[in-house]
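Engineer: If you scroll down you'll find the structure; I have some questions about it.
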Amino acid sequence: MSSDATITDSGHDETVAEYPPSQPVHEGGHGHAEPTDKQYIGIALLLAVLTAIEIASTEAGWFSGAPLVTILLSLMVVKFLLVVGFFMHLRFDSRLFTLVFYIGVVFAIGLYGVMLATFHFWTG
Amino acid sequence: MSDATATDTAPAEEIPPGYDDGEDHIGLEHHTSTGLSNTKLAMWLFLGSECLLFGGLISTYMLYRNRQADQLGPDQLWDIPFTSATSFILLMSSLTMVMAVSAAKRREEQRTRLWLTVTAMLGGLFLAGQVYEFTVFYREGLGYTTSLFSSSFYTLTGFHGVHVAVGIVMLLSLVAMLRKNKVLGDKAETVEMVGLYWHFVDVVWIIIFTLVYLVPA
């Protein structure tokens, strides 16, 4: 393996080892290649369809009560995961970023879940 | 410092100033203890902390959504088709943002600026829709202090609107800085950081739209 000595735009000397083209795209990542522009458009269309299902479920009165709330919350979680995973590249990036973000999410859900329980939100 | 040199082989492609070489060299790309970009780590930490801010606002709204005065509640006020349209606009702005990041990674600067401008315009449309919605609600008698419901609703959606406005300022500033070549460090990473913020604003709206507008009170 040979090495290339380069100078970056910031002026720092940087010695970069040569890596084979098959090297995983991201260090510490989950080993997937990032989506192409066409795949991004596909994901956006999927998000639009899921939103349309959400709106139709509410407006057309297909469901009501607990089933409606379950469907809406499920679709919301799927949309959340799609945007965070694909558009924000969390699925393809370092697991440390995933950990840092989801610690915030889980802590918020736990904290405010307990807060709402204190005010008897869940029991009415 | 001397000019950029390659000892063994010449680079296959000329890299524009302000962009890295497009490769994620394992353990060598970022000179940090984690081997990851500190900027990116800081952004994810910031977004994690933002979850707590919006979690507090959303749960407060959920708690007070039935505390209304003068029968002015969600059922009388919400215009779901209109809010759905603005939600769709914000959702599509996430697509244009990811296209900007993708173009920046390919070092297509003109296309990056175009997608960033389109994203800012879509964000502006969403914000205009929110201002219109607030105006309609106010004319119907729902002031900020009318009820606990109105206070928590305006605070939650207002905070989100402020985040969108900040995002638009960031996008337009980035477009201007890219045009004048004033971006310090790696341009693609800078675009990606603004993108992360913008997508987070979209993610928060996904939650607000479902919990505030769609889930029945």
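Derivation of every value follows stated rules applied to the coordinates shown; laboratory data play no part. Remember, predicted model here, so these are calculated numbers, not experimental data. Every residue, glycine among them, receives a Cβ derived from its backbone with ideal geometry; neighbour counts consider all protein chains shown.
Engineer: Above 25 angstrom, tally the Cα pairs of chain B and express them as a % of all pairs, no decimals.
Structural biologist: 49 percent
Engineer: Let me ask you something else. Calculated FRET efficiency, B:N66 and A:I103, Cβ-Cβ r, R0 45 Å, to nearest 0.05?
Structural biologist: The formula returns an efficiency of 0.90 here.
Engineer: Under a point spin-label approximation (7 Å from Cα along Cα-to-Cβ), what is the B:I80-B:L45 distance to one decimal in nm?
Structural biologist: Using points 7 Å along Cα→Cβ, the separation is 4.3 nm.
Engineer: On to the next question. If you take each beta carbon of peptide A:101-107 and count the beta carbons of other chains within 10 angstrom, what is the mean?
Structural biologist: 6
Engineer: Related question: In the range B:38-214, with Lys and Arg counted as +1 and Asp and Glu as -1 at Cβ, which of these residues, B:F54, B:T117, B:V183, has the Cα nearest the positive end of the dipole, that is, farthest along it?
Structural biologist: B:V183
Engineer: What angle, in degrees between 0 and 90 and rounded to the nearest 10, separates the Cα long axis of helix B:187-208 from the longest principal axis of the Cα atoms of chain B?
Structural biologist: Around 20 degrees separate the two axes.
Engineer: Okay, next question. So if we plug the beta-carbon distance of A:L81 and B:Y132 into 1/(1 + (r/R0)^6) with R0 = 45 Å, what FRET efficiency do we get, rounded to 0.05?
Structural biologist: In this case the efficiency is close to 0.90.
Engineer: Now for a separate question. For the range A:36-88, what log10 I(q)/I(0) values come out of the Debye formula at q = 0.20, 0.25, 0.26 1/Å, with one point per alpha carbon and no solvent?
Structural biologist: With no solvent term, the Cα-only Debye profile gives -0.69, -0.91, -0.95.
Engineer: To the nearest 10 degrees, how steeply does helix B:80-105 sit against the main Cα axis of chain B, on a 0 to 90 scale?
Structural biologist: Roughly 10 degrees, rounded to the nearest 10.
Engineer: What angle do you read, to the nearest 10 degrees and between 0 and 90, between the alpha-carbon axis of helix B:109-139 and the longest principal axis of chain B?
Structural biologist: 10 degrees
Engineer: Could you check the simple spin-label distance between B:M177 and A:K38, using points 7 Å along Cα→Cβ, in nm with one decimal?
Structural biologist: Each label point lies 7 Å from its Cα, and together they span 3.4 nm.
Engineer: Evaluate peptide A:60-72: per residue, the Cβ atoms of other protein chains within 10 Å of its Cβ; return the mean as an integer.
Structural biologist: The shielding value for this peptide is 1.
Engineer: What lysines sit close enough to B:K182 to cross-link, taking a C-alpha to C-alpha distance under 23 Å and skipping anything fewer than 8 places away on the same chain?
Structural biologist: In chain and number order, the partners are B:K40, B:K105.
Engineer: Karplus couplings for the range B:35-41 from phi (6.51 cos²θ - 1.76 cosθ + 1.60, θ = phi - 60°), rounded to Hz, Gly and Pro as x?
Structural biologist: For the range B:35-41, the Karplus curve yields x, 10, 5, 5, 4, 5, 4 Hz.
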